[in-house]
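Below is one structure, written out as structure tokens, with a few remarks after it.
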Amino acid sequence: MTMPRRRPGRPRRDDQRPTRELVLAAATALFAERGFDAVSMRDVAAAAGVDVATVAHHTGTKAQLYDACFARVFSAEREAVEAAGDRARAALAAGPADAVRALHDMVDVFVDFLEDRPETTALWLRRWLEPRRHSELDRRYAAPLYAQVEQLLVAASAAGALVEPAPHVTVRSLVWAVHGHVVALAAGAGSEARERREFRAFVHRLLDGLYPPATP
């Protein structure tokens, strides 16, 4: 019996996600693993189970595809961070203890996000290997989230919930710490469960050190 051939550009039967999402997921994984130069449109097409014309149809040029991969992870990260940020802003009115507790929760949300999507860390680290190249991606897909959290810390400081003289330094330091943690998990450095547990304890100790309880 002859099996019908899959038409070019159609996703495999076991993966019926929209074709554009299938292409972006495959491209994100490849760019995260190899970097921009080492990935071709044919590589992406093969990984997604479509033809090259379909990749180009859905994403444009290779540079546009690369940009779309960052936009994809940015959208998911923004959704998670903004929701946690909204809860933290609401907590400002409840007093310093609630505000700081909400910041702890926000850090947990961010750690959860990157632990569950390690390709996000790998994608950014590949980009940062060439800091002057594709720098517009930072402006579009990193700086806006940094700014949101920095503004939250400024608001918390103005409300007397904490003292934060350099929010931009704090945010970037925490982001890099979490990325480093995700790299350690990917490298299999010791027990994964222990690494996760110890990092959570560390990052919460760090926050407690940065923002000790306000004295009456």
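The values are calculated or read from the model by the stated rules, or taken from the named source; none is laboratory data. This structure is a prediction, so every number in the text was calculated from the model and none was measured. When we count neighbours, we look across all protein chains shown, and the Cβ atoms used for this are built from the backbone with ideal geometry, even at glycine. Each accessible area value is taken on the protein alone, full model and side chains, heavy atoms only, with ligands, DNA and RNA left out. Shrake-Rupley method; radii C 1.70, N 1.55, O 1.52, S 1.80 Å.
Quick notes on this one:
- Average accessible area per residue (Å²) across the range 42-126 - probe 1.4 Å, nucleic acids and ligands excluded: 44 Å²
- With both labels modelled 7 Å from their Cα along Cα-to-Cβ, the D108 to A184 distance reads 2.0 nm.
- For volume of the Cα convex hull per residue in Å³, the value calculated from this model appears in (1) 148; (2) 119; (3) 131 under label (1).
- Distance (nanometres) between label positions extended 7 Å along Cα→Cβ at R78 and E192: 3.0 nm
- Accessible surface of the chain [probe 1.4 Å, protein heavy atoms]: carbon and sulfur percent: 56 percent
- Dividing the summed helix terms, -39500 (n - 2.57) for each DSSP H run of n ≥ 4, by the number of residues in the chain produces a 222 nm estimate of -24000 deg cm²/dmol to the nearest 500.
- Accessible solvent surface per residue of the range 144-216, calculated while the other protein chains remain in place, 1.4 angstrom probe, Å²: 55 Å²
- Taking amide hydrogens as placed 1.01 Å from N in the peptide plane, the amide H of H134 sits under 5 Å from that of no residue at least 5 positions away in sequence or on another chain.
- Extension reserve of the R101-A201 stretch, reckoned as 0.36 nm per residue once the Cα distance is removed: 34.6 nm
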